[in-house]
Each structure stands twice: as structure tokens, then as C-alpha cells.
Amino acid sequence: MKKEKKFEKKVFYKGPKLSRNFNPIFQEMIRCSQSQILSLSPKKSSLSLLPALHDCTQLLPMASVAATTFPSMARPAARGIVAGAAASTVPLPRAGVASPCPTARSLGFAARGTDPRLAIHVSSRRRAASASAGSRLARAVATMAKKSVGDLAAADLEGKRVLLRADLNVPLDASQNITDDTRVRAAIPTIKHLIGNGAKVILCSHLGRPKGITPKFSLAPLVPRLSELLGIQVQKADDVIGPEVEKSVSVLPNGSVLLLENVRFYKEEEKNDPEFAKKLASLADLYVNDAFGTAHRAHASTEGVTNYLKPSVAGFLLQKELDYLVGAVSNPKRPFAAIVGGSKVSSKIGVIESLLEKCDILLLGGGMIFTFYKAQGFPVGASLVEDDKLELATSLLAKAKEKGVSLMLPTDVILADKFAPEANCQVVSASAIPDGWMGLDIGPDSVAAFSSALETTQTVIWNGPMGVFEFEKFAVGTEAIAKKLAELSGKGVTTIIGGKDSVAAVEKVGVANVMSHISTGDGASLELLEGKELPGVVALDEA
Ligand SMILES: Nc1ncnc2c1ncn2[C@@H]1O[C@H](COP(=O)(O)OP(=O)(O)O)[C@@H](O)[C@H]1O
Ligand SMILES: O=C(OP(=O)(O)O)[C@H](O)COP(=O)(O)O
């Protein structure tokens, strides 16, 4: 009795004997948990005294109760990062006055200050990680500790030709206007740093996936916006390598920028052809990679050139992406929650498995939840299900239990009678999906439970929408999560958004600018979250 007094919330259960398949009963019970009775002991381990309830730690109700009832479930904050260490951002020289940006998306650079632990150099992370040597985590962090452009002294840059790989792969409309300039703005801090220190910047990127020289994939439409943001006229080359480009480079004044043509106009780029990489590298004295969105590609301009250019260092954007997607995720302020959604469990297996090693709470939404329901014997109607992943879903639930992670599945869902924006809809318990109906969003009880679990956290990473947010009727769950994360950001919680659709959702809701970090790479961020090393990062000089 004494122990129980320590906890704010006490829930009791009185009802039929619970079996391994009691989930529907339990979910329903928790939905009205004020009046239900469940006897829980405060220590997680003692839940095993009630084997059936122990199984419940895999489900939303128990996890939600645990999050508020058992603060001891939260793991102690990871140590090893020195608070207040030198910031990796550097004062930017005034190369001109940047114009206001046409899009609202935040790059999150300003938000660094909200989490002083992140305002450190990547190498500090490596030292911290080495302190706990031996763990997979430590190795993953260490391999991402790369030399930064901020480590180069002014003398290293003055008058030097710098090959800067950026990801300027932006969407263009039919008239070749940039419809989202986020990636252009994200590239600016590094370019400004280089030209402010008297370097000659040879800027290189791909755009789209051209097969050979394709005028509609020219980088020419980037020149006006780059020039506007930098406050200097950016020069444009009509080729990537060759005598004409060499001539343009030879007359570049210090502190200027030459934009090369789309590097994918050469098939050798994607083949990582050594001869092509050598020719590209021969234009410059040193190399900076700031193309986070393309860092998962081992291409000539992201990987090959590093064999011919020293130093090869990370730009500020690449560094910030690694700070959050590797640093903050590997050494999170706890409790650490991961929210994973999207369409299929098959495309998120790696992310879920990797995050289960690190997080305290895992919230699942999107189309993948129906595979988990079916694996537990629930009817799923016409919902999206991957029948060949039922065993996987069961094993992920078991793994969460084994790791002591509170894995929460939605307890209610919004159903549609067809996959269409104007579909009829109804809210039902997750265990009661009728034939012919499909779940397209999480329900209001789930939103409330997820929000209450998130309330306890200090770090949250989100990848994948909670429902078919492209249809207004089924965007509520996703938008509610976006708003909740915005609210938490305001309270100092580190919020990291990866995945094209989650990023689109926070932008749609208008809260992107308050998040700690919005990733500029969909595939690259997914690979990082899966625990993979990115070739474009691995190839850079060690810090
Ligand atoms: N319940 C659902 N049923 C079918 N599709 C869904 C459901 N929930 C979300 N989706 C779809 O999942 C897609 C995003 O999935 P995915 O590509 O895996 O995520 P991300 O882009 O964040 O990586 C969205 O287009 C969304 O409509
Ligand atoms: O937009 C990109 O990737 P993303 O869509 O995964 O964010 C990058 O520019 C990489 O492009 P690619 O997937 O054609 O190699």
C-alpha cells in the first residue's frame, strides 16, 4: 500500500480471468479506466506476477498507464555529453542580406539553443561515445564523427577552390519555378561561411533523376534564388567537368560561387566512376559535403571525390542532421519516445527494430497497425494488412516487451467504407473493425492516450503519418500529433521530424518552425534511423 501512494494514478481491474487473448477486453477497459479496476504494482518487474497483464505492456492501455504511473520505467538520462561545450555553429560573415524566404519551413538552426547538449561539435560526441566503448551505439556514433568545415581555419580557405556538394534537388513547377526552396536555404550557411573566408566555391548538385542531358533537369533555375539568398551573383557553368569548366574556375575571384550543371547528366556520377570522380575533384583543392539528402548514395560527387581531395569535410547542414538523427537519438534526454507511422510495416522494420534498442516509448500508427492487430487475432476488415508480416509483428511486440519499451498501439480507429476523401466514416474500437471497412486514421481516444504518453517525454522522434492525412477526413490524428509535438517543443522537449509525409504534415499545420529539427532527407534520414552508415558521411575525414 505504501508503494502505491507514490503514484499519481492507480488503476484496478475486476473482471473475467485474463488470457493471452484478452486485449479487446483490456483495451475497452482502459478506455473507461476511471471506473475500472486493475491491480498494478509500481515496479515493472513485478508485473510478471500477473502474466496476462505483463503481456499488456505491449499495448496502448498499459503503456499509457505505465507512462503516467511508473516514472521508474523511464530510463535514467544518458551521460557522456558535456553540456555547454563549444557550439559547432560559427558566426556567419555578411556576404549580403538574405531575402525573406517564400516558404515557411524552418530549418531548425535557431532551435539548437533549446537543447544545449546538441550545441556541441561532432567530435565531442565521439569522445563521449568512446567512453562507453564496445556498444553498438558507441560505434555508430563514433563512425559519424567527422571533421567539419567549421574546423578549417580562415587560412585553410582563403583563395582555395572548394568543391561543395549540396542537395539542391528541389521541386520545380511546369514553368521551372522552385515550389519549395527549403534545400536551397539549408545550403546557405555553409556557402556563406566559405565565401566569407575567401574561398572559391564550386557548387555541385543533382536535380531529379535524368537519363543523360535533359534540359528540364538543368540547375539553371537555382541561380536566381541562390544569388538572392547569398547577396552575390552566382555564376553558372554549362557543364560539370571539362576545359570550359576549368576555364571558369581559373578566373573565379575569392569569395565567389560557380554552380556546376546537374552532375547526374553524366551517367558516371551514379556509377561512382573513379575517372569521373577524379576529373571532378581536379577542379578543386578541398571538398565539403553538405548534401545530407544524398548522403545515402555512394556516387562520384558524394563518395568518389573524397579519394582525391584532402581535406574532405562535412558542411553545417550535414553536421546538424547527424547531431539530431544520430546524436540526439543515440544519447537522448529521457524519456525518449519514437512515433512511427506510414503505410506498411515492411518499409519501417529497420527503423522500428533500431528504435526499440534506444527508446522508452514507441507509438505506432498508420497503415502498419492493422498487421499488428491481425497478428493478435483482431478482425481488420478491409484495412491494409501485410499477411506475410504477421509473425514479424508478433516478434516486434515480443522484442518491445523484452527491452522494456512501452509499445503503444491505437485503441480506436477511424474507419472508411472506401479509400476516398469523401468516404463515409465511423470511429470504432481497434478490436471491432467490421467487414468491408478500412482503418484510415487513429481515433480520438488514441490521440488522447498518445498525447498523454508524449507529455512525459524529453525527446521525441517522428517518422510517418498516423493515417491517410492526404484526405481531410483522415488527417486528424496526424495533425493532432504535429500540434502536440509543437506544444512539447515549446516546453523544451527535443522534437525531431523525419520522413517526407511527417514533414509535410507539420508544415501543413504550420508548426514546422518550432520543431528542434526537420530533416531535409527522406531516404537518408530513414537509413540513419535504421542504424545504417551513410557512404557520403563515412568517406569524410575523421574529426
Ligand atoms: N491507415 C492507412 N491505410 C493506408 N495508407 C495509410 C494509412 N495511414 C497512412 N497511410 C499512408 O502512408 C503513406 C506514408 O507512408 P510512408 O511512405 O511509409 O511514410 P513516410 O513518407 O513518412 O516515410 C501516406 O501516403 C499515407 O496516406
Ligand atoms: O530527394 C532526395 O531524396 P529523398 O526523396 O529521399 O529525400 C535526394 O535528393 C536523393 O535523390 P535520389 O533519391 O534521386 O538519389
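For (1) farther than 29 Å from H517 by Cα; (2) assigned to a helix (DSSP H, G or I), each residue gets a yes or a no:
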position: I188; (1), (2): no, yes
position: I191; (1), (2): no, yes
position: H206; (1), (2): no, no
position: K211; (1), (2): yes, no
position: V240; (1), (2): yes, no
position: E244; (1), (2): yes, yes
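Checking the condition modelled with pLDDT of 95 or more, touching a Pro at 6+ places or on another chain (Cβ under 9 Å) and within 9 Å of ligand 1 (Cβ to nearest atom), which residue from F474, F450 passes?
On the way: F450 fails: within 9 Å of ligand 1 (Cβ to nearest atom).
Unique residue meeting the criteria: F474.
If I ask for residues that are in contact with a strand residue (DSSP E or B) (Cβ under 7 Å, 6 or more places away or on another chain) and of a type in the set (V, I, T), which ones from segment 429-460 would you list?
I433, I442, T457, T459, V460, listed by residue number.
Quick one: would you say L363 is buried (at least 24 other Cβ atoms within 10 Å of the Cβ), modelled with pLDDT of 95 or more and in a helix (DSSP H, G or I)? Write out each step before concluding.
Details: buried (at least 24 other Cβ atoms within 10 Å of the Cβ): yes; modelled with pLDDT of 95 or more: yes; in a helix (DSSP H, G or I): no.
Answer is no for this residue.
State yes or no: is T456 assigned by the TED database to the domain that holds V345, at negative phi and either more than 15 Å from the chain's Cα centre (by Cα) or within 16 Å of ligand 2 (Cβ to nearest atom) (or both)?
On the way: assigned by the TED database to the domain that holds V345: yes; at negative phi: yes; either more than 15 Å from the chain's Cα centre (by Cα) or within 16 Å of ligand 2 (Cβ to nearest atom) (or both): yes.
Yes, satisfied.
Does E261 satisfy the condition of being under 25 Å from G521 (Cα atoms), modelled with pLDDT of 95 or more, in contact with a Phe, Trp or Tyr (Cβ under 9 Å, 6 or more places away or on another chain) and not assigned by the TED database to the domain that holds I496?
no
Considering every residue within segment 380-387, establish whether at least one is free of Cβ contacts under 8 Å to residues at least 40 places away in the same chain and within 16 Å of ligand 1 (Cβ to nearest atom).
Here is the first cut: in segment 380-387, the ones free of Cβ contacts under 8 Å to residues at least 40 places away in the same chain are 385, 387.
Next cut, within 16 Å of ligand 1 (Cβ to nearest atom) only: 385, 387.
Scanning segment 380-387 turns up at least one residue that is free of Cβ contacts under 8 Å to residues at least 40 places away in the same chain and within 16 Å of ligand 1 (Cβ to nearest atom).
I need the full set of residues from segment 150-169 which are out of contact with any Lys or Arg (no Cβ under 8 Å at 6 or more places or on another chain) and closer than 18 Å to L540 by Cα, in order please.
G150, D151, L152, A153, D156, L157, L163, L164, R165
Please find, among L407, L397, L488, the residue that is without any contact (Cβ under 8 Å) to a residue 60 or more places away in the chain, among the hydrophobic types (A, V, I, L, M, F, W, C), buried (at least 17 other Cβ atoms within 10 Å of the Cβ) and on the phi < 0 side of the Ramachandran plot.
Numbers: L407 fails: without any contact (Cβ under 8 Å) to a residue 60 or more places away in the chain; L397 fails: without any contact (Cβ under 8 Å) to a residue 60 or more places away in the chain.
Criteria check complete, one pass: L488.
The values are calculated or read from the model by the stated rules, or taken from the named source; none is laboratory data. This one's a predicted model, so the numbers in the text were calculated from it and none came from an experiment. Here Cβ is always computed from backbone atoms with ideal geometry, including for glycine, and neighbour counts include all displayed protein chains.
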